[in-house]
Amino acid sequence: MTAKVSANDIRASFSGAMSAMYRDEVPAYGTLMDLVARVNDETLAGQPELKARLEATDTLERISEERHGAIRLGTAEELAMMRRIFAVMGMFPVGYYDLSTAGVPVHSTAFRPVGEEALKRNPFRVFTSLLRLDLIADEAFRDEAKAILAERQIFTDGAIALTEKSENEGGLDSDDAARFVSEVLETFRWHDKANVSLAMYHRLHDAHRLIADVVSFKGPHINHLTPRTLDIDKVQALMPDYDIAPKAVVEGPPTRKCPILLRQTSFKALEETVSFHDGKGGWQAGTHTARFGEIEQRGVALTPKGRALYDALLDDTRKLVRPAADGSNAVAYEAALIETFKAFPDDWAAIRSAGLGYFTYSLTEKGVAAGSASGDIESLIAEGFVRFDPIVYEDFLPVSAAGIFQSNLGDGAQQDFIASPNQKRFEADLGAVVLNEFDHYEGIEKASLEACLDALQTRAAAE
């Protein structure tokens, strides 16, 4: 029987192929990668304690390989098939995000690996949004957009066939896995010929620029790839030196000694030449703006209590200063953010003791050397038998995602939609239930704690 390629290896191959393709399509992405590599090297050299923590938790190697991408789909059928394709790569839907609250007519999930070993092998994620045409008031216009979407097929026959083969045979051999990566890559490739006329494009664009991006094209071209940096403020400051114009505000929490959740910035979306149907069998020249570069810095995953505090502080900040799309009040917003977030502890021990973040537990050298040790976890930590390390937040923030979208859709793209989260509808379209991120992080923390206590108690019993 032919050996099957692991889902982790297929995901790593696809992530690498996607990165190479995007570097060719958007040269500024390659420049961004060089900048991030430089900043990460300098940060590790200047912060030996950070390097030691990453080494101790076996997460140092994954930093340079880490990427997330984003795509926007048009129909429930596309979403359901995308779920099946990502499953071949060991990527599963985690979390539900409603972006209608921030003026973007989509709801989303993140496809990503969920196991510790899978994340260490390759933590590739794809933030996947489904267009909400139901939020558009004009019924006739909605029907036109639906009809355009119904005419397209974003997956190759080969991608569909190989996905079905993987499902039926429990995986793919090396030849099929290579073909699978090649076939699926076509879904994410940029196409410079639109499916619509220039007049229809403008109508879609006037409804919302994101609607134009989803409906007008043959496929859901990857609209950004995101490397992970260890110092996003330094990347933001250095981007102009690399001839990259950053967005004015870093999305997410402010600069901290102990990073929480997710911080993101990007460079402005590119205006690209596109050909549109002219209605006479030919083509008419135009432009479209969608693809950009993004950088992220990841911190600790927060508990429901921690997330409630984060959301409240972010809301308080935005009541004081709401960031303008053109960045005109960036300095005032960042100052308000820093001041407001003084209410959130900036020390790992304080974050843990307050129950605001998730942590893994492991035996220290003293704990490993000890014949046995007893007591509750707090006393074991105090006595130096057990250490705790922050669990990396692997997911996303809807307000931050919307902020990135808006900054790249243009100043006139801010629109109001009736907030209408509909997770049940999204999961019905997806064909699966999304994993609850809080349950997932809590399970990781609990398992690590039990493993520590079991190891110490087993030794005690043996003595």
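Annotations
- Kirkwood hydrodynamic radius over Cα pairs of the stretch 1-137, then Stokes diffusion coefficient at 4 °C and 1.567 mPa s, in µm²/s: 76
- Between the residues 119, 205, 30, the greatest Cα displacement towards the positive end of the dipole of the chain, with unit charges on the Cβ of Lys, Arg, Asp and Glu, is found for 205.
- Cβ charges +1 (Lys, Arg) and -1 (Asp, Glu), total dipole of the chain, debye: 400
- Spatially, the stretch 1-69 and the stretch 131-208 are offset by 27 Å when compared through their Cα centroids.
- Remark: spin-label model distance residue 55-residue 3 equals 3.2 nm, labels positioned 7 Å along the Cα→Cβ axis.
- Paramagnetic label zone (point 7 Å from Cα along Cα-to-C-beta, residue 173; backbone N under 18 Å) in the stretch 1-29: 1-7, 10
- Computed on the stretch 141-287, with alpha-carbon pairs under 8 angstrom and 6+ residues apart, the relative contact order is 22 percent.
- Distance (nanometres) between label positions extended 7 Å along Cα→Cβ at residue 318 and residue 338: 2.2
- Taken over the alpha carbons of the stretch 186-284 as equal point scatterers, the Debye sum produces base-10 log I(q)/I(0) values at 0.11, 0.19 Å⁻¹ of -0.50, -0.97.
- The C-alpha atoms of the stretch 113-205 occupy a region whose extents along the principal axes are 47, 29, 26 Å, arranged from largest to smallest.
- Label point distance in nm, residue 151-residue 37, each placed 7 Å from Cα along Cα→Cβ: 4.4
- The stretch 8-81 - convex hull of alpha carbons, volume per residue in Å³: 126
- Accessible-area composition of the chain, carbon plus sulfur, in percent [1.4 Å probe]: 51
- Between 336, 40, 184, the Cα set farthest toward the positive side of the dipole of the chain (charges on each charged residue's Cβ, about the Cα centre) is that of 336.
- Beta bridges assigned by DSSP with both partners in the stretch 21-131 are antiparallel in approximately 65 percent of cases.
- Relative contact order [Cα under 8 Å, 6+ residues apart], the stretch 94-142, whole percent: 32
- Span-like helix ranges in the chain, DSSP H, alpha carbon extent 20 angstrom or more, Kyte mean at least -1.0: 7-25, 27-46, 304-320, 437-462
- The chain: relative contact order in percent, alpha carbon pairs under 8 Å with at least 6 residues between: 19
- In terms of packing, defined here as the mean over residues of other Cβ atoms within 10 angstrom, the peptides 139-146, 340-347 line up highest first as 340-347, 139-146.
- Violating pairs (Cα-Cα greater than 19 angstrom) within the set 51/305; 146/218; 120/234; 234/257: 51/305; 120/234
- Each 10 Å bin from 0 upward holds the following percent of the Cα-Cα pairs of the stretch 317-390: 17, 30, 20, 15, 13, 5, 0.
- Equivalent ellipsoid, the stretch 1-43 (semi-axes from 5 times Cα gyration tensor eigenvalues, Å): 29, 15, 5
- Computed magnitude of the charge dipole of the stretch 281-330 (debye, nearest 20; Cβ of K, R +1, Cβ of D, E -1): 120
- Kirkwood Rh, angstrom, the stretch 82-239 [1 / mean 1/r, Cα pairs]: 18.0
- Computed accessible area, residue 208, all protein chains, 1.4 angstrom probe, square angstrom: 0
The values are calculated or read from the model by the stated rules, or taken from the named source; none is laboratory data. If you're wondering where the values come from, they're calculated on a predicted model, not measured in any experiment. All Cβ positions, glycine included, derive from the backbone under ideal geometry; neighbour counts span all protein chains shown. Side chains included, ligands, DNA and RNA excluded: accessible areas come from the protein's heavy atoms. Shrake-Rupley method; radii C 1.70, N 1.55, O 1.52, S 1.80 Å.
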